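This report refers to the structure that appears directly beneath it.
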Amino acid sequence: MTSEPAPAGVQLKADVLAQYQVLEDTVHQLRPNEDLKALRQAFEFAVERHGPQTRKSGEPYITHPIAVAQILADMNMDLVALETGLLHDTVEDTSVKVDEIRKLFGNEVAHCVDGVTKLGKVHMYSREERQAESVRKMLLAMVSDIRVILVKLADRLHNLRTLGSLPPDRQQSIAQETLEIYAPIAHRLGMGRVRGELEDLAFRYAEPEAAAELEHQIRERRLANDQSLEQIRQSITVKLSREGVPARVESRIKRIYSIYQKLRRQKIGLDQVYDILGIRIITDSVKNCYAALGVIHNEWHPIPGRIKDFIAIPRPNLYQSLHTSVIGPGGLSFEIQIRTEEMHRIAEEGIAAHWKYKEGKKGPAEDDQRIVWLRQLVEWQREMRDPGEFMSTFKVDMYQEEVYCFTPRGRVIVVPREATPIDFAYAIHTDVGHSCVGAKVNGRIVPLRTPLRNGDVVEILTQTGHMPSKDWLALVKTSRARNKIRQVVKATERERAIEIGVKSLEREARRLGLPLSRITRDQWEKAASDHGSSKIEDLHAALGYGKFSARQILQPFLPEQPHTAAAPEPVAPGARPQPGEPVPGSEDLVLRVKGIDDILVYRAKCCNPIRGEPIVGYITRGKGVGVHSTSCANVTSLMYEAERRIDVEWARAAEKQFPVHLTVYSEDKPGILNQITSILMHENSNIRSLEARPDEQRGGDAAIVEMNIEIRDKKQLERIMSQMRRISGIRDVERVQ
Ligand code: MN
């Protein structure tokens, strides 16, 4: 039976079953009230789905998920986490769909398995520190249930424990990724034990020589001091009990990677590290922590500057302890950490320790403490919702405002939420932004307006010479992209104006029978300066924007002609505007084109916009920029030529009155006209005309008042209209456009 190939229906080897049994026993011991049926189901499902798969070491694959679940069980995690541990590779490595898991194991497990699967797809490509921080944030941002991270950490821990059977390059990259991404996350979550094991295991693969050398040095130092350390430990135990401080005293050696970091960071030698050897005192209360510290300092001389009170001021990850380093017998320096049981558990297990309290072992007051703890722990949490809700769902929505995406080569690009591939393109480089013609997200072509999501791999499709369009302004979220696009739009608008200017000159010259070739460059330059432009090009632009008509420019070049009917009407010499002076009818005191000062602008007759209304400009050949209200019916049909559209705004300085036509529908009551005019006088609005007549359509005593008044801005108009509506007897007030 043993050598027979395993049929599809899987044979459970005895050792796999035994491994699972240990898991069940652990859970049963730590959480006696838990029904283990679902756990067994998850186990059987994973066994069936992973089938004959094996690990690189040759073991059945299923041993890995069981080991991951075991790590989680040892952390006293709940059944959802354990089931996720058992199932965490089924979606990635087998044909299982998340929906199937949802049906069999419920929403929470499905959600967690899905989360772990997604995290598995994120790869760290770059070794830059800045990048590592972004990836850490991104991973946390991708996770909506903290158990996903805990399962992922357990997964990584077991992979590291069994890393020996992988080829060296895989070992190297997994070890690096662990040091840069996963260990710091464990640290952030306060999980000292997991972080320590991750770091020490990874360090040996990431830098084998440095690790071996340091290990050797530490061993020597330890051998030399082991006995004295044990003596110190015993003597502390005796002293504390004599002083009535209940305590457990342990000796410890600083972890190898932690020593390595210290050596590198402080550029010191091993003999300058005071805290390689250490004693840990675990007592029952905060008061006794300080009592123990007194006992220690009474006995040995503390090294100045080495006393740290992390009880009064906890670390950001909520680590609490008293630290001191002393010179002991024989000049041996060592570090002493003093903490309560509770602080110890939190230092070792971090957020996982919190998990246990959630199970209702502690009272509500204690739970509040946990919330405070968690709130601080997740210091990244910017939008903390109702803490109760937070607790019940245990959600982490960190870095809500930021989205972390990758270039195809793995560079992390951070963009705001709702940002699009265009923002992404400009974040890479201005030229990439300008020449962007499309984008692929996760290998698929998407519209440029598509909002990016965490973990998206974004590839920008470019075309040399392509230029951004104005419509992009509506699609971008970053000011960088917006500014770059604006610059280009402004420049191209000018180019277009120049083109229009040149063409209108040519056309007008043809009409006048004036060969342009006859006009010299000097003459052009003089014409430009006569019209307030320093360059011929500026003159063309001014023409294109409609500041002057081609006729005005060409006029001086025309031969003096007697008044004949056939010849075009020459403009009287005095009628030609002086340089810089606006052409008659120009309203450029009231309206201006954004970013451009010298353009002829006029309010379109069709909608007659007034100050304060949203407006849009439209370049009209030879006439300048017509300004319409954005609600004007003509705008939609005009704007099909999108490139002639131009941003305009109401100039601030000008005090200008706009004529507005109002129609008032009222009852024919005495005093109504009086009230209307008194409102207008009160508002300082000039009345151009006012006329009342009976409303023939409605008949009876209905009347209509038509008036032309002068208005400063939209607000004033709204004020006047609402005051009129309040007059008793007035049915409605309408603005006639
Ligand atoms: Mn795994």
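Once you have a ≥ b ≥ c as the square roots of the Cα gyration tensor eigenvalues for the stretch 182-283, tell me rounded if a/c is under 1.5, and otherwise prolate or oblate according to whether a/b is larger than b/c. Since a/c reaches 1.5 but b/c is at least a/b, the shape of the stretch 182-283 is classed as oblate. Using a 7 Å offset from the Cα along the Cα-to-Cβ direction at both Glu59 and Thr630, what is the distance between the two label points in nm, to one decimal? Roughly 6.4 nm, to one decimal. Counting only protein heavy atoms and a 1.4 Å probe, the stretch 403-483 has 50 square angstrom of accessible area per residue. Once backbone amide H atoms are built at 1.01 Å from N, Ser333 has Gly328 as its partners under 5 Å, excluding neighbours fewer than 5 places away on the same chain.
Averaged per residue, the stretch 679-737 has 61 square angstrom of accessible surface, using a 1.4 angstrom probe with ligands and nucleic acids left out. Can you bin the stretch 26-89 into rounded, prolate or oblate? Criterion: square roots of the alpha carbon gyration tensor eigenvalues sorted a ≥ b ≥ c, rounded for a/c under 1.5, prolate for a/b above b/c, oblate for the rest. Prolate, since a/c reaches 1.5 and a/b exceeds b/c. Over the stretch 511-552, accessible surface divided per residue gives 50 Å², non-protein components excluded, 1.4 Å probe.
Couplings 3J(HN,Hα) of the stretch 688-693, computed from phi: 7, 7, 8, 8, 10, 8 Hz, in residue order, whole Hz [Karplus 6.51 cos²θ - 1.76 cosθ + 1.60, θ = phi - 60°; x for Gly and Pro]. Electrostatic bookkeeping for Val295 treats Lys and Arg as +1 and Asp and Glu as -1; over the other residues with beta carbon under 10 Å from its beta carbon, the sum is 0. With labels modelled as points extended 7 Å from the Cα through the Cβ direction, what inter-label distance (nm, one decimal) is found for His661 paired with Thr430? With each label point 7 Å from Cα toward Cβ, the separation is 4.9 nm. Taking square-rooted eigenvalues a ≥ b ≥ c of the alpha carbon gyration tensor, is the stretch 395-517 rounded, prolate or oblate, where a/c under 1.5 means rounded and, failing that, a/b exceeding b/c means prolate? It comes out prolate by the Cα gyration axes. Between amide H atoms placed 1.01 Å from N, distances below 5 Å from Ile646 occur with Gly617, Tyr618, Ile619, all of them 5 or more places distant or on a separate chain. Computed from phi, the 3J(HN,Hα) profile of the stretch 499-511 under the Karplus parametrisation 6.51, -1.76, 1.60 (θ = phi - 60°) reads 4, 4, x, 4, 4, 5, 4, 4, 5, 5, 5, 4, 4 Hz, with x in place of Gly and Pro.
With each label modelled as a point 7 angstrom along the Cα→C-beta vector, the Ala491-Arg735 pair spans 3.9 nm.
The string of couplings for the stretch 716-733 from the Karplus curve (6.51, -1.76, 1.60, θ = phi - 60°) is 4, 4, 4, 4, 4, 5, 6, 5, 5, 5, 7, 5, 5, x, 8, 8, 7, 10 Hz, one whole number per residue in order, with x for Gly and Pro. Between Ser469 and Ala212, the contour length at 0.36 nm per residue exceeds the alpha carbon distance by 86.6 nm.
The values are calculated or read from the model by the stated rules, or taken from the named source; none is laboratory data. Since we're looking at a predicted model, the values are computed, not measured. Neighbour counts run over all protein chains shown; Cβ positions are idealised from the backbone, glycine included. To get the accessible areas, we keep the full protein, side chains included, count just its heavy atoms, and leave off ligands, DNA and RNA. Shrake-Rupley method; radii C 1.70, N 1.55, O 1.52, S 1.80 Å.
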